Amino acid sequence: MSQQKIIAIMGPTASGKTAAALAIARETPSEIISVDSALVYRDMNIGTAKPSAEERASAPHHLIDIIDPSLSYSVAQFLKDSARLVKEIQNRGNTPILVGGTMMYYKALLDGIDTLPPANAELREQLDAEMAQIGAPGLHARLAQIDPITAERLKPNDSQRIQRALEIFLITGQTMSALFAQQSKAPPAFPIHALSLEPKERHLLHERIAKRFDLMLEQGFIEEVQNLKQRPELHANLPSIRCVGYRQVWDYLDGHLSYPDMRERGIIATRQLAKRQLTWLRSIPDRQIIDCNHPQASTDILKHALSEISN
């Protein structure tokens, strides 16, 4: 694969990554690869702030609307898909632009990924049955006895990762933490030139997050989740429904939250996501930082991107 660096537009939620990517695509032949674990799901458009049909028509987009909300999409699958897409895009003579805020995907691209056993359908069914009986906290307590190191870093309600840790132990007879300690990571899939949209003043980003959540509600976010709830195979423990915003609206429709509480918790959860994203971004020392609240943010991103592409 070409060693030409791939442009990556990083940043917390609501920082303007899509607009910046489209600004680049207007100036140079480019294709956009989504680095967003929520955009992979079909029928989840409003709450994920998915690029509009008009935006997607202005430049080719990839890894959007590729799976049903009842399914899961792994980091390993993202690595495989993104490596394939980068090669195909470069072979077409275009520039790949990675755009999104799912930091575990970027971490895998930059640092490689630990090799773990594939999922086992029978064990998943067994763990799903146990989940239905004792809930995620019960499985978390079980994991704490088996693998306290992994349990320590997982929240008691993180059902997906708790089940995965237990599944790995049942498959291999070794804990996830022990396997991580033994294994060496694969090399990065390809070199990345990181452009990061970050706020100099955090409160301005918080205002943008609140305005965007309110706009989602105006655009029919609740109705979107209602349509998902009508499907019997979808439930609150799926990765798709656990996405920020969807969890809160789902709880509201179940009668667990009032409308004001749903709105407030949705905004707070999105701010917490942004905080985690910014914490991770600070671990990338060579990223090019652009103030996402500056009126010329997209212009600055474009200047840096075109300079890298031309080199």
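Since every read-out is calculated from the coordinates, none of them should be taken as a lab result. Predicted, not measured: the structure shown is a model, and the values here were computed from it. As a convention, Cβ positions derive from the backbone with ideal geometry for all residues, glycine included, and neighbour counts pool all protein chains shown.
Listed by chain and number, the lysines whose alpha-carbon sits under 29 Å from that of residue 229, ignoring those within fewer than 8 places in the same chain, are 50, 155, 211. Here's the picture: charge each Lys and Arg Cβ at +1 and each Asp and Glu Cβ at -1 in the chain, and of 23, 199, 33 the one pushed furthest to the positive end of that dipole is 199. Hey, what D do you get for the chain in µm²/s if you plug the Kirkwood alpha-carbon radius into Stokes-Einstein at 4 °C and 1.567 mPa s? For the chosen part, D equals 63 µm²/s.
Inter-label distance, residue 296 to residue 178: 5.8 nm, where each label sits 7 Å from its Cα along the C-beta direction. Here's the list of lysines a cross-link from residue 80 could span, going by alpha-carbon distance under 16 Å and ignoring same-chain residues fewer than 8 apart: 107, 185.
Electrostatic tally near residue 105: other residues with Cβ closer than 11 Å to its Cβ, Lys and Arg +1, Asp and Glu -1, net -1. Placing unit charges on the Cβ atoms only, positive for Lys and Arg and negative for Asp and Glu, gives the chain a dipole magnitude near 660 debye about its Cα centre. Taking the Cα centre of the stretch 121-182 as reference, the dipole from Cβ charges on Lys and Arg (+1) and Asp and Glu (-1) amounts to some 200 debye.
Mean Kyte-Doolittle of at least -0.5 and a Cα length of 18 Å or more along the axis: which whole DSSP H helices of the chain meet both? Those that pass (Cα extent of 18 Å or more, hydropathy at least -0.5) are 75-91, 121-146, 159-172, 297-310. Contact order for the chain, expressed relative to its length and based on alpha carbon pairs under 8 Å spaced 6+ residues apart, stands at 28 percent.
Rg over Rh for the stretch 205-263 works out to 0.97, using Cα positions for both radii and the Kirkwood form for Rh. When the Cα positions of 307, 86, 236 are compared along the charge dipole of the chain, 307 comes out farthest toward the positive end, with charges on each C-beta of Lys, Arg, Asp and Glu. Every helix of 4 or more DSSP H residues in the chain counts as -39500 (n - 2.57), and over all residues that averages to -17000 deg cm²/dmol at 222 nm.
Measuring r between the beta carbons of residue 279 and residue 26 and using R0 = 35 Å, the FRET efficiency lands at 0.65.
For the stretch 270-311, the alpha carbon convex hull comes to 80 Å³ per residue, rounded to a whole number.
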